[in-house]
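The values are calculated or read from the model by the stated rules, or taken from the named source; none is laboratory data. Keep in mind that this is a model prediction, so the values were computed, not measured. Cβ atoms come from the backbone with ideal geometry, glycine included; neighbour counts cover every protein chain shown.
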Amino acid sequence: MSLTATDMSPGTIEWLTGFADDEHFIGSRHASWIGLGPFLEEDLAFCSIAQDELGHAIALYELLTESVDDFALLRTPADYRSAWLCELPCEKWNYSLVRHWLYDRAEELRWESLASSTIPALQTLAARAEREEVFHRDHADLYLSRLADGDDYGRAQVLTAVAELLPYALALWEPVEGENDALDAGVISTASADLAASYTTRVEGDLDRWGFEIAWPTAIEGQNCRTVRSAGFEEFLQSLQEVIVLDPNATW
Amino acid sequence: MNTYEVFLKKAGREEFRHVGSMQAPDPELALPLARESYARRAEGDLMWLVDRDDLIVANEALIAPNADKPHRHNDGKRVADRRKRERGEA
C-alpha cells in the first residue's frame with residue numbers, strides 16, 4: 001500500500017514536510033564540503049553522512065508527493081518548512097561540524113517520535129534511519145571530544161560555533177501549525193515541547209562530558225512556525241535548482 | 001596523522017585483501033573513516049586496519065636474490081607429461 005498525502009491531516013503533512021525539508025537542506029549543505037573537506041578521508045565521511053540525510057529526505061518526500069524532484073526543488077520559498085539551522089551556509093568547518101552534532105542530536109529525537117507511528121512506512125524508515133544515525137552521532141562525538149581535549153584554539157572554535165548555532169538548533173522545536181493533529185492521529189508520539197526538553201538534556205550532557213560551560217541561550221525568533229525562510233535562502237535554492245531548471249520535464 | 005593499511009574480507013572463505021591505505025589522526029577515528037573510504041558500498045563484511053608503522057618491512061636485498069632461480073618454478077608440465085606417457089596417451 002502506498003500512502004499519499006491525501007490520507008494525512010494538514011498538521012501531519014506540515015510536520016513531515018518540516019522534517020523532510022530539514023533533511024534535504026542539511027544534506028545539501030553538508031555535501032558542499034565535497035572536495036573541500038579538511039582531509040580526504042573526512043571529505044568522504046562527511047559527504048557520506050550528507051548522502052544519508054538526502055536519502056532520508058527522499059524517503060519522507062515519497063510519502064508526501066508523487067513527484068519528489070518537483071516537490072523538493074521547485075516549490076516557492078514560502079512553501080518550504082525547513083528550520084533556519086538547516087538553511088545556513090556554515091562555510092567554516094567548525095560551524096559545519098557543530099551544526100552536524102546539533103542537528104543529529106535533534107534528528108535522533110525526531111526518529112524516536114516516529115518509531116511507533118501509526119503510519120507503518122514511518123516505523124520502517126525510523127528503524128533504518130536510526131541504524132545510520134548511530135554512526136553520525138559517533139562521528140560528531142569523535143571530533144568534538146578530541147577538540148575538547150585539545151588546545152585553547154580548538155576549544156574556542158567549538159565554543160564560537162556553539163554560541164552562534166545553538167539558538168538556531170533550539171528553534172528546531174518551534175511547533176508547526178497543526179502539530180496536535182499529528183499527535184492525535186498517532187503519527188508522532190511526542191510534542192515539540194517535550195522533544196525540546198529531551199534535546200536540552202542531551203546537548204547539555206554532551207557539553208558537560210566535553211567540559212564546555214556555556215550560558216544557555218534562547219531560541220532565535222522569526223521562523224514563524226517554519227513559514228519564513230532565512231536570509232540567503234533563495235540563492236541557496238537557486239543553486240540546488242541549477243540542473244533541474246535546464247529541463248524541468250526531463251525524466252531521470 | 002597516521003597512515004593505515006586497509007584490508008577487507010567478504011563473507012565466505014575468501015581471504016582478507018589489501019584494498020588501499022588512508023590517513024587518520026588515531027586508531028579510534030581511523031575505523032569510521034576507513035569504513036567511509038573503503039566500505040561504504042558494502043565492499044566487505046570484515047575490516048582490518050594496520051598502522052603502517054607496525055608493518056615489518058623486508059629489505060629489498062633480502063628478497064631480490066630469489067628472482068633468478070627458475071628451478072624453483074614448477075608448472076607441473078613434466079609430471080603431467082610423464083603421467084600421460086604411463087597411461088599410454090603420448
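Before moving on, here are some points about what is shown:
- Matching entry among A:Val228, A:Val176 (being surrounded by 15 or more Cβ atoms within 10 Å (Cβ to Cβ) and either touching a Leu at 6+ places or on another chain (Cβ under 6 Å) or aliphatic (A, V, I, L, M) (or both)): A:Val176
- First in segment A:40-54 and more than 7 Å from chain B (Cβ to nearest Cβ), second anywhere and modelled with pLDDT under 95 and outside any helix (DSSP H, G or I), Cβ under 8 Å, 6 or more apart: A:Asp43/A:Ile34; A:Asp43/A:Gly35; A:Asp43/A:Leu36; A:Asp43/A:Gly37; A:Phe46/A:Gly37; A:Cys47/A:Ile34; A:Cys47/A:Gly37; A:Ala50/A:Ile34
Residues are listed down the side, and each one gets a yes or a no for (1) among the acidic types (Asp, Glu); (2) over 25 Å from B:Pro25 (Cα atoms):
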{"site": "A:Arg137", "(1), (2)": "no, no"}
{"site": "A:Tyr143", "(1), (2)": "no, no"}
{"site": "A:Arg146", "(1), (2)": "no, no"}
{"site": "A:Leu159", "(1), (2)": "no, no"}
{"site": "A:Leu166", "(1), (2)": "no, yes"}
{"site": "A:Glu179", "(1), (2)": "yes, yes"}
{"site": "A:Thr200", "(1), (2)": "no, yes"}
{"site": "A:Glu234", "(1), (2)": "yes, yes"}
{"site": "A:Glu242", "(1), (2)": "yes, yes"}
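- Residue in segment B:18-31 that is among the β-branched types (Val, Ile, Thr), in contact with a strand residue (DSSP E or B) (Cβ under 9 Å, 6 or more places away or on another chain) and within 14 Å of another protein chain (Cβ to nearest Cβ) present: yes
- From the options B:Arg52, B:Arg72, residue that is surrounded by 12 or more Cβ atoms within 10 Å (Cβ to Cβ), more than 14 Å from chain A (Cβ to nearest Cβ) and either closer than 30 Å to A:Gly37 by Cβ or not aliphatic (A, V, I, L, M) (or both): B:Arg52
- Unmet requirement for A:Thr12, which otherwise passes all of (1) surrounded by 22 or more Cβ atoms within 10 Å (Cβ to Cβ); (2) polar (S, T, N, Q); (3) under 17 Å from the mean Cα position of the chain (by Cα): (3)
- Segment A:8-39: number of residues that are within 11 Å of chain B (Cβ to nearest Cβ) and touching a Cys at 6+ places or on another chain (Cβ under 9 Å): 1
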